[in-house]
Amino acid sequence: MRSISLMAMLVMSISYSAQACDLCGCSASNQYLGILPQFYRQFVGIQYQYTGFTAKQPSLLDPADKETAYEYNNTLQLWGRYHVSNRVQLFAFVPYHINNGSDAGTRINTNGIGDISVLGNVAIIQDDSTLKTWHHTLLAGGGVKAPTGQYTGITTLDEQGLPNVQAGTGSWDFIVNANYTVRRRQVGINADASYTMTTANTAGYKYGNRLNASVLGFYWWQKNSLSLLPQAGVRYEYSLHDYDNFEKKWLNENSGGNIIFATAGVQAYFKRIGGKVMYNVPVSQHYASNNVTVQPRLETSLLFLF
Amino acid sequence: MNLRYKNWPVFAILLFAMSCQKKDNSPADASKVTVVFASPVEAQTVHKGDTVNILADVSYYAEMSGIAVEITDTATGNQLYEDNADTHSDHFTFQRQWIDGLNDSTMLQVKILVFMTNNTTVPAERSIYIKSLP
């Protein structure tokens, strides 16, 4: 019987930012790939992510008067992994966004295919499966996010602060990441960091560069063909300010910030099928000068291994 | 392996340098705000029940954060209408509508307020005056 290698790889976390509105600038949705199985080299899967935030924006005419806004993002994402060689693996992500929001009473609903990402990772340290106790894996690599999602440019609504709900960002982004996993017998720790370098989109808007980092502890429980991996830890996200116009250096100081999540969840594998549920609760956040409150996030995924 | 470790600080510094954010530090200058009223026009006369189209082309030499309009009865000082819109541009076409419901003849001030990103607390103001008749 094959066993799941707990030298699995939490490859990276990349952020899909549907645009930043007048206030948010937070990563509208974030994705973490989670601990991946190694005993099958390829997989395809579908993920579901739910994110949201509420915001209070000081009114232009009366700063004491707060205009309210909210945004909820549901993302279904097709993704997969392909081993190019023993050490090099490629990942691809094709998201479909279903977004709805409201700003000062104006409701916006959009959906559509988002920006497609491709990542390449190299296993700098590979797990030695002959070892009985300690196991290590170090991955590093990077990738690119292409502006394949619909982005309508600067519309009147965008100018009024409602561009968040677009499916695409209109920009090319570049990602670097590193991931280290150590395990002793059934217990392990994963440390992960990724950095997304954004570029200005066709409308001159530039999302802030983003840092994502996480530390997760996990336990591997196995019986027959069933494996369970309960896991918990913390995640940290930091976003620089967006630029309303990067060429003119119009820095949007009502965007960007940082957040710490407490996260917990479980992964399960049964033969060629895998699943995951993760729940992330903000324990500390400072976004958009504290005018934005990020809501808890839910992530689920289903994998087919081959 | 040592070489790899030695590269990490360089990589970190590179990322840090890329994180520096330049900002447009143009000084606020309300005199550089331009408001061109397409509607209404100065001294225009409107009557009770008329829809007053407010259409103004607003521009500034740096980024604006918002445009607002206020309509005030100059005889009483009562503010009859106000509305605003956020923006993130140096050019904005502001459009609103107001229905005149006044029973008495009076002069109305139609004031456009322009909030500049480099000074959001004191907006630039441009006004025209129109007549309201029953």
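The values are calculated or read from the model by the stated rules, or taken from the named source; none is laboratory data. Keep in mind the model is a prediction, meaning the values are calculated, not measured. Please note: Cβ atoms are built from the backbone with ideal geometry, for glycine as well, and neighbour counts cover all protein chains shown. Side chains included, ligands, DNA and RNA excluded: accessible areas come from the protein's heavy atoms. Shrake-Rupley method; radii C 1.70, N 1.55, O 1.52, S 1.80 Å.
Here are a few things to note about the model shown:
- Of all residues in region A:50-63, those that are within 12 Å of another protein chain (Cβ to nearest Cβ) have Cβ atoms under 9 Å from Cβ atoms of residues that are open to solvent by 50 Å² or more (accessible area, probe 1.4 Å) and part of a loop (DSSP other than H, G, I, E, B), 6 or more apart or on another chain, in A:57/A:104; A:57/A:254; A:58/A:64; A:58/A:65; A:59/A:65; A:59/A:104.
- Here the condition is being free of Cβ contacts under 8 Å to residues at least 60 places away in the same chain, touching a Ser or Thr at 6+ places or on another chain (Cβ under 6 Å) and either of a type in the set (A, V, I, L, M) or open to solvent by 50 Å² or more (accessible area, probe 1.4 Å) (or both); of A:98, A:116, it holds for A:116 alone.
- Odd one out for residue A:261 among (1) more than 17 Å from the chain's Cα centre (by Cα); (2) surrounded by 20 or more Cβ atoms within 10 Å (Cβ to Cβ): (1)
- Of the strands (runs of 3 or more DSSP E) lying entirely inside region A:166-284, the ones with 1 or more residues being of a type in the set (A, V, I, L, M, F, W, C), free of Cβ contacts under 8 Å to residues at least 40 places away in the same chain and within 14 Å of another protein chain (Cβ to nearest Cβ) are found at A:173-184, A:187-198, A:210-219, A:250-252.
- Count of region A:246-258 residues which are among the polar types (S, T, N, Q), open to solvent by less than 20 Å² (accessible area, probe 1.4 Å) and out of contact with any Cys (no Cβ under 9 Å at 6 or more places or on another chain): 1
- Residues that are open to solvent by 60 Å² or more (accessible area, probe 1.4 Å) and either within 13 Å of chain A (Cβ to nearest Cβ) or assigned to a strand (DSSP E or B) (or both) within region B:46-70 comprise B:47, B:51, B:53, B:61, listed in sequence order.
- Any chance residue B:75 is out of contact with any Cys (no Cβ under 8 Å at 6 or more places or on another chain) and touching a residue at least 24 places away in the same chain (Cβ under 8 Å): yes
- Taken over region B:98-119, residues that are open to solvent by 20 Å² or more (accessible area, probe 1.4 Å) and within 14 Å of chain A (Cβ to nearest Cβ) amount to 4.
- Those residues of region B:71-97 which are open to solvent by less than 30 Å² (accessible area, probe 1.4 Å) and at pLDDT 95 or above, in sequence order: B:71, B:72, B:73
- Here the condition is being closer than 19 Å to residue A:177 by Cβ, modelled with pLDDT under 90 and either away from chain B (no Cβ under 13 Å) or under 18 Å from the mean Cα position of the chain (by Cα) (or both); of A:130, A:137, it holds for A:137 alone.
- The listed residue being over 25 Å from residue A:194 (Cα atoms) and at pLDDT 85 or above, out of A:80, A:112, A:143: A:112
- Filter result for residue B:131 (facing another protein chain (nearest Cβ under 10 Å) and either assigned to a loop (DSSP other than H, G, I, E, B) or more than 18 Å from the chain's Cα centre (by Cα) (or both)): no
- When region A:80-95 is filtered for residues that are within 20 Å of the chain's Cα centre (by Cα) and either in contact (Cβ under 8 Å) with a residue 60 or more places away in the chain or farther than 28 Å from residue A:149 by Cα (or both), the ones remaining, listed by number, are A:91, A:93, A:95.
- Residue match in region B:78-89 (condition: assigned to a strand (DSSP E or B), farther than 30 Å from residue A:246 by Cα and more than 14 Å from chain A (Cβ to nearest Cβ)): yes
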